[in-house]
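The values are calculated or read from the model by the stated rules, or taken from the named source; none is laboratory data. Note that the structure is predicted; figures quoted are calculated from it, not measured. Cβ placement follows ideal geometry from the backbone for every residue including glycine, while neighbour counts extend to all protein chains displayed.
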Amino acid sequence: MNPIIQQVTQDIRQRSLALRQAYVSRMQAQAEQGSTRASLSCGNLAHAVAACNSEQKGQLLDFTRVNVAIISAYNDMLSAHQPYASYPQQIKEILIKLGHSGQVAGGVPAMCDGVTQGQEGMDLSLYSRDLIAQSTAIGLSHQGFDACLLLGVCDKIAPGQLMGALAFGHLPTAFVPSGPMPSGISNQEKVAMRQQHAAGELGDQALQDIECKAYHAPGTCTFYGTANTNQLVFEAMGLMLPGSAFVPTNSNLRNKLTDKLASHMVSIALGSGDYRPLYRIVDEKCLVNGLVALMASGGSTNHTLHMIAIARSAGIILNWDDFAKLASCVPQLTRMYPNGPADINAFEQAGAVPCLMRLLAQRKLIHMDASTIYGTVSDYLKQACLEDNRISWVPVLASKDPAVIAADDQQFSNSGGLQVLAGNLGRAVIKTSALEASQRVITASARVFDSQHDVAEAYQKGEFNQDVVVVVRYNGPSANGMPELHKLMPVLANLQNKGFKVALVTDGRLSGASGKIPSAIHLNPETAKGGILSKLRDGDIIHLDANQGILDCRLTAQQLQQRESQADSKPDQHVGTGRELFSPFRRLISSAETGATVLFDSF
């Protein structure tokens, strides 16, 4: 095992000892109750089975039978979750054949950043993760279940479901993926059209036609953003069946994998002889395996928030320094858009997560003795396939496309795709996997804005005509929910294409699609809580060095101390589109560096 991986794992374990033990003790106490249905009163049980047919009632009232909770993020507006419409019935039918049962324990909200980017609803996106965690817990609180299946994929949804399920960590729990949509137009063409539109060279209707060709069918978006990062990381953590994350939507193999997982949950339920509760799966080794896969794949920066919040839900303390240390020893082993031209379907065809896991195992970068919901970590080095219409898993021998997943003796970069920056402005994260060497260091004067819309307006007025570090402040978790600032990307890319050196510094976020713009995001402390960004002025010199991990303003400590903060002069923007209902979140939410969550009193 790589010594840095070992040390990071040990550091996490040591700093989490007390918190983790308290969590494990709580889960063990819940497990010792046995089948919680047996402890319900006659009236409780009557309510729980009232809507069932006579066969299912008999199974539910027989406490030796397994009842699987289904927590679904289905809606038919969002492509990644539309396929889930038929999953509950499919899962129930498999369980019934085995003499067991399943119930939809609850639904969770599923909003899409792709729909809300640049809109008021985006201010609720990050908050929705914690609400989803709470909704998952409410669904499971009926205490009638012996295992749990999570139907969710996208940005805040799958992390939120996992956080909620960890409150019921005595239940064996797994994710049921839905798969990616077929490839449409290339991601490069889509981005080029957006840049032309931002420059006024392409009309609205032409852009609409392009966007609808890119996003055109059920399934996840095909670029490697947060949704697909969720799937890759959670498979690497052993939270779904091996090789299942990116099997195409509605394919025969996808349907067979769903059947297999439903039946598998019976075999790992309490009393089965192979009991695999979620609390035993999600430990420091599991989390480190997920972080290593995140780094090696150049995944979404949103996971510097989500993985910390997930870990805390399991009584484990992760921090950004863990990310930085892992990035120093984990090479980048995949190239998917925006880190390269390929999409997630090309990744699946090249060998997908099992191929990546094999490369990581070769380099001794993952814990092969981590616990998983199926088999062992060695099984996660195998790809699922159909033989005589039955699932089998076959070892992945090598990348089938070394341009997408590196060959055995190759890598695309010596260090992971995420980095931590620090300096007199605070601490931030940056996605480096898509940056050229010439883009990793910039020293330039600042242009300071309070909104991404103000940046776009300044661009339209022709105000950018030199190297620039665009600063967008008051976009942190407590300011406005930390919306993704994707409206900036076409603008800044156009400036970069003109030959200017360009960077972004913000307390907001960008997800997995920052592309070739060096972007210091999630800056902590955020502006609304006394961050130094509140003291910056146009013309201040900012130095960003992604190689050395530096983010500085070229002002002395005395100069910064003498400056007054510029309070956000805009009127209250947190009313309308339901935002007024989330004012407690804005007051209570923790920093980006501690997961941007309202669910825990402290870290």
Does Gly203 satisfy the criteria of being at negative phi, surrounded by 24 or more Cβ atoms within 10 Å (Cβ to Cβ) and modelled with pLDDT of 90 or more? no
Which condition does Tyr279 not pass, out of (1) assigned to a loop (DSSP other than H, G, I, E, B); (2) under 23 Å from Ser244 (Cα atoms), if it passes all the others? (1)
Against the definition (out of contact with any strand residue (DSSP E or B) (no Cβ under 7 Å at 6 or more places or on another chain), in a loop (DSSP other than H, G, I, E, B) and among the acidic types (Asp, Glu)), how does Asp209 come out, yes or no? no
Please work out if Gly539 is assigned to a loop (DSSP other than H, G, I, E, B), in contact with a strand residue (DSSP E or B) (Cβ under 9 Å, 6 or more places away or on another chain) and either exposed (fewer than 12 other Cβ atoms within 10 Å of the Cβ) or modelled with pLDDT of 95 or more (or both). yes
Check segment 68-78 and report whether any residue there is among the charged types (D, E, K, R), surrounded by 19 or more Cβ atoms within 10 Å (Cβ to Cβ) and farther than 27 Å from Ile268 by Cα. no
Does Gly375 satisfy the criteria of being in the same structural domain as Val505 (by TED's automatic domain parsing), farther than 21 Å from Thr229 by Cα and either of a type outside the set (A, V, I, L, M, F, W, C) or under 24 Å from the mean Cα position of the chain (by Cα) (or both)? no
Among the residues of segment 503-524, how many are part of a loop (DSSP other than H, G, I, E, B), more than 15 Å from Phe449 (Cα to Cα) and in contact with an Asp or Glu (Cβ under 8 Å, 6 or more places away or on another chain)? 3
Which of the residues belonging to segment 308-346 are among the hydroxyl-bearing types (Ser, Thr, Tyr) and in a loop (DSSP other than H, G, I, E, B)? Tyr337
How many residues are of a type in the set (A, V, I, L, M), farther than 30 Å from Arg509 by Cβ and assigned to a helix (DSSP H, G or I) if we restrict to segment 64-121? 5
Looking only at segment 393-413, decide whether some residue is aliphatic (A, V, I, L, M), closer than 21 Å to Asn289 by Cα, part of a strand (DSSP E or B) and touching a Cys at 6+ places or on another chain (Cβ under 7 Å). yes
Of the residues in segment 34-51 that are touching a residue at least 40 places away in the same chain (Cβ under 8 Å) and part of a loop (DSSP other than H, G, I, E, B), the one that is surrounded by the fewest Cβ atoms within 10 Å (Cβ to Cβ) is Gly34
Ile430 passes all but one of (1) crowded, with 20+ Cβ neighbours inside 10 Å; (2) over 20 Å from Ser125 (Cβ atoms); (3) modelled with pLDDT of 95 or more; (4) not polar (S, T, N, Q); which number fails? (3)
If you go through segment 248-272, how many residues are more than 22 Å from Gly114 (Cβ to Cβ) and either β-branched (Val, Ile, Thr) or not assigned by TED's automatic domain parsing to the domain that holds Ile157 (or both)? 3
Of the residues in segment 298-308, those that are at pLDDT 95 or above and either more than 11 Å from the chain's Cα centre (by Cα) or of a type in the set (A, V, I, L, M, F, W, C) (or both) come to Leu305, Met307, Ile308
Looking at Gln28, is it under 29 Å from the mean Cα position of the chain (by Cα), free of Cβ contacts under 8 Å to residues at least 24 places away in the same chain, surrounded by fewer than 17 Cβ atoms within 10 Å (Cβ to Cβ) and under 30 Å from Gly315 (Cβ atoms)? no
When you look at Val68, is it touching a strand residue (DSSP E or B) at 6+ places or on another chain (Cβ under 6 Å) and at pLDDT 90 or above, yes or no? yes
If the requirement is being surrounded by 13 or more Cβ atoms within 10 Å (Cβ to Cβ) and in a loop (DSSP other than H, G, I, E, B), which of these qualifies: Phe585, Phe500? Phe500
For Ile517, are the conditions met, namely being surrounded by 20 or more Cβ atoms within 10 Å (Cβ to Cβ), modelled with pLDDT of 95 or more and of a type in the set (A, V, I, L, M, F, W, C)? no
Only one of Gly298, Gly225, Gly238 is touching a residue at least 40 places away in the same chain (Cβ under 8 Å), in contact with a strand residue (DSSP E or B) (Cβ under 6 Å, 6 or more places away or on another chain) and either crowded, with 23+ Cβ neighbours inside 10 Å or within 27 Å of Ile317 (Cα to Cα) (or both), namely Gly298
Does Leu162 qualify as being in contact with a Leu (Cβ under 9 Å, 6 or more places away or on another chain) and either modelled with pLDDT of 95 or more or buried (at least 24 other Cβ atoms within 10 Å of the Cβ) (or both)? yes
